[in-house]
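Note sheet for the following structure.
The values are calculated or read from the model by the stated rules, or taken from the named source; none is laboratory data. In this text the structure is predicted, and so the values were computed from the model without any measurement. Every residue, glycine as well, gets a Cβ built from its backbone with ideal geometry; the counts of neighbours run over all protein chains shown. These accessible areas exclude ligands, DNA and RNA; they are computed on the full protein's heavy atoms, side chains included. Shrake-Rupley method; radii C 1.70, N 1.55, O 1.52, S 1.80 Å.
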Amino acid sequence: MINLLAIDTCTNTCSVSLYTQGEIFSRFVQDVNKSSGLILSLCDEIFKAGQLLPSALDGIIYTKGPGSFTGVRMCVSVVQGISLAYNIPTVGFSTLELLGFGAFKKYNISKIAIALDARMNEVYWGIYQNQILCKESLQKPDEVDILGKYFIGVGDGWGVYDNELIQQTGINTCFANFYPKAENLIVLYLTCANQHINFSNKLALPTYLRNNVAHKSLK
């Protein structure tokens, strides 16, 4: 049996999952200040629940961004620490792909538009269609793709910029309170494992779509 740890802290939520002996043990936290700072204690909880030591992991799956600058750094830093300490390979997925996959699982629809609030009147924008993330970019809400009623929208950007996004995309149905979850990272990896998406011993690295990541929002 393979043992996998999954970690996501790239938005305003924090979730970790452990896959061992065919079971998934998960913890999910939201609406807590600096929730990404809870990641190590949540990891301890699921290791105890699964009766597994970190050294017994076969791989770590993580979200590499885009998302909150602090959250992305926290996620990648923890993954780097565990990976280097125990010589465990890793594989990273886009936060937008994780959200799209989760929405596909939950709503059984193949056309999904993902929008995460990127501050500064911008969104991290992704199109997940037929179980493939075919677009990932940083966009103004009124400059995203025109998509139509057969798509749904997910992600907190649909709550912050709902009017602009709905008017521009033509999408009628959106779920702003839809969050990335680490347990879906495990299922996503297991689903993609036969598509040459493999673990690597290279250093885990983040994805930033904005160059000036330290700029403060004036909102």
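Take the Cα pairs of the chain, get the Kirkwood Rh, then feed it into Stokes-Einstein at 10 °C and 1.306 mPa s and tell me D in µm²/s.
This corresponds to a translational diffusion coefficient of 91 µm²/s.
Note down the magnitude of the dipole of the range 1-77 about its Cα centre, charges +1 on Lys and Arg C-beta and -1 on Asp and Glu C-beta and zero elsewhere, to the nearest 20 debye.
Roughly 220 debye, rounded to the nearest 20.
For Phe178, what accessible area in Å² do you get when you roll a 1.4 Å probe over the heavy atoms of the protein chains, rounding to the nearest 10?
Accessible area, nearest 10 Å²: 20 Å².
Assigning unit charges at the beta carbon (Lys, Arg +1; Asp, Glu -1) and nothing else, what dipole magnitude in debye, to the nearest 20, does the chain show about its Cα centre?
Dipole of the chain, to the nearest 20 debye: 200 debye.
With springs only between Cα atoms under 10 Å apart, run a GNM on the chain and tell me which of Ser77, Ser41, Ser94 wobbles the most.
Evaluated over the chain, the most mobile residue of the options is Ser41.
What do you reckon, how do Tyr124, Tyr19 stack up by accessible area (1.4 Å probe), largest on top?
The residues order as Tyr19, Tyr124, largest area first.
So how do Ser55, Ser26 rank on accessible area, 1.4 Å probe, biggest first, that is with the largest at the start?
Putting Ser55, Ser26 in descending order of accessible area: Ser55, Ser26.
Separation between the Glu45 and Ile197 pseudo-spin-labels, each 7 Å from Cα along Cα→Cβ, expressed in nm?
According to this spin-label approximation, the distance is 2.6 nm.
For the chain, which whole percent of the accessible surface, found with a 1.4 angstrom probe, sits on carbon and sulfur atoms?
After summing per-atom areas, the C and S share lands at 48 percent.
Could you give me D for the range 63-102, from Stokes-Einstein at 10 °C and 1.306 mPa s, where the hydrodynamic radius is the Kirkwood radius over C-alpha pairs? Units µm² s⁻¹, please.
148
Name the helices (complete DSSP H segments) of the chain with a Cα length along the long axis of 24 Å or more and a Kyte-Doolittle mean of at least 0.5, or state none.
69-86
Which value, in Å², gives the accessible area per residue of the chain when a 1.4 Å probe is used on the protein heavy atoms?
Solvent-accessible surface per residue comes out at 49 Å².
How much accessible surface area, in Å² rounded to 10, belongs to the heavy atoms of Thr20 with a 1.4 Å probe?
10
Identify the trypsin sites (Lys or Arg not before Pro) of the range 83-183 meeting these criteria: DSSP loop state and at most 12 other C-beta atoms within 10 Å of the C-beta.
Those satisfying the criteria are Lys149.
Would you kindly state how much longer the chain becomes between Asn130 and Asn108 on full extension, computed as 0.36 nm times their sequence separation minus their alpha carbon distance, in nm to one decimal?
Full extension of this stretch gives 6.8 nm more.
Calculate the FRET efficiency for Lys140 and Gln30 from the Cβ-Cβ distance with a Förster distance of 30 Å, rounded to the nearest 0.05.
With R0 = 30 Å, the Cβ-Cβ based efficiency is 0.65.
Below 12 angstrom from the Cβ of Leu4, what's the summed charge of the other residues (Lys, Arg +1; Asp, Glu -1)?
-3
What are the radius of gyration and Dmax of the range 1-58, computed over its Cα atoms and given in Å?
Cα radius of gyration and Dmax of the range 1-58 are 11.4, 37 Å respectively.
So what is the calculated 222 nm ellipticity per residue for the chain, using -39500 (n - 2.57) for each DSSP H run with n of 4 or more, over all residues, to the nearest 500 deg cm²/dmol?
Value at 222 nm, helices only: -9000 deg cm²/dmol.
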